[in-house]
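Beneath this line is the structure, given in structure tokens, with notes to follow.
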Amino acid sequence: MKLDRNFYKRDSLIVAKELLGCILVHSVNGKVITGKIVETEAYRGPEDKAAHSYNNRRTERTEVMFGEAGRSYVYFIYGIHNCMNVVCGEVGLPHAVLIRALEPLKGIEYMSLNRYNSSSGDISKKKQINLCNGPGKLCKALEIDRSLNGVDLCGDVLFITKGELVSEEDIKASKRVGIDYAEEAKDYLWRFYIKDNKYISKSKPALMQAYFLIIINLFLTFTFSFFCRRSICIARIRRLTSASWTWRWRSSSSWRWCHRC
């Protein structure tokens, strides 16, 4: 049974939880592609610094979130990925729920061709699990792009149907992903997922990120030293290995050598 408008006319925190276990359906070019929703994130525009509509920011892109509930909000990110959200709440209150991951159900062959340009029988088990375990991945797998922004989810092209009921004990909450800029909002436990489901999204461990950045910076240190025909700056290496790393560009002043070089 297709979810009706009243389902979406509620707070995003409620909708985000109750979408778990439901089925996302896209009917495109005569084929039907479906997946079970296993991970979501809630966004509450006016007071949520992680939301595109924070402080009631109203732009051409966010306009759909100020309209009626039960429509899609599809946006483009990093110049690569589309991400699909479900508009919820009352008109004028820009709440939305990001669909973060799906468990593939129907049309897996199409998903595989869309994601890997290979038949589902030719991809590894790991790639099968990775088909829809991220917001950009699932949009590519289900052929969801910005042409579907604002589509009525109570229609017949892109919609959500009722699925299995997920108990409160099987719903886990955690911090949302990729919003370190959002000050206190980055710590809100508004990401929800089904416990022990292998299709939820995966993020790189922070320790691996730190090791990667240290290795890159050490390589650059040795390279610069070689071309400068000077001894390696030990103080620089010490700074590198003791620094607290984040994914951002450093200012040009951070590459200066110490007074010994």
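List of remarks:
- Here the extension length gained between Asn55 and Phe219 equals 54.7 nm, from 0.36 nm per residue of separation less the Cα-Cα distance.
- Using a simple spin-label model with pseudo-atoms 7 Å out from Cα toward Cβ, Lys175 and Asn6 lie 3.9 nm apart.
- Placing a label point 7 Å from the Cα of Thr161 along the Cα-to-Cβ direction, the residues of segment 1-33 whose backbone N falls under 15 Å from that point are 1-4, 21-28, 31-33.
- Number of Lys pairs (Cα under 12 Å; 8 or more positions apart or on different chains) in segment 26-173: 4
- Distance between the 7 Å Cα→Cβ label points at Gln128 and Ile77: 2.8 nm.
- Rounded to the nearest 10 square angstrom, Ser120 shows an accessible area of 30 square angstrom against a 1.4 Å probe.
- The modelled label-to-label distance between Lys195 and Asn29, using points 7 Å beyond Cα along the C-beta direction, is 4.1 nm.
- Kirkwood hydrodynamic radius (C-alpha pairs) into Stokes-Einstein, segment 44-95, 10 °C and 1.306 mPa s, D in µm²/s: 144
- Counting only heavy atoms of the protein chains and using a 1.4 Å probe, Val157 has close to 70 Å² of accessible surface.
The values are calculated or read from the model by the stated rules, or taken from the named source; none is laboratory data. All of these numbers come straight from a predicted model, not from anything done at the bench. Quick reminder, even Gly has a Cβ in these numbers, built from the backbone with ideal geometry, and neighbours come from all protein chains shown. Note: accessible area is taken over every heavy atom of the protein model, side chains too, but ligands, DNA and RNA are not part of it. Shrake-Rupley method; radii C 1.70, N 1.55, O 1.52, S 1.80 Å.
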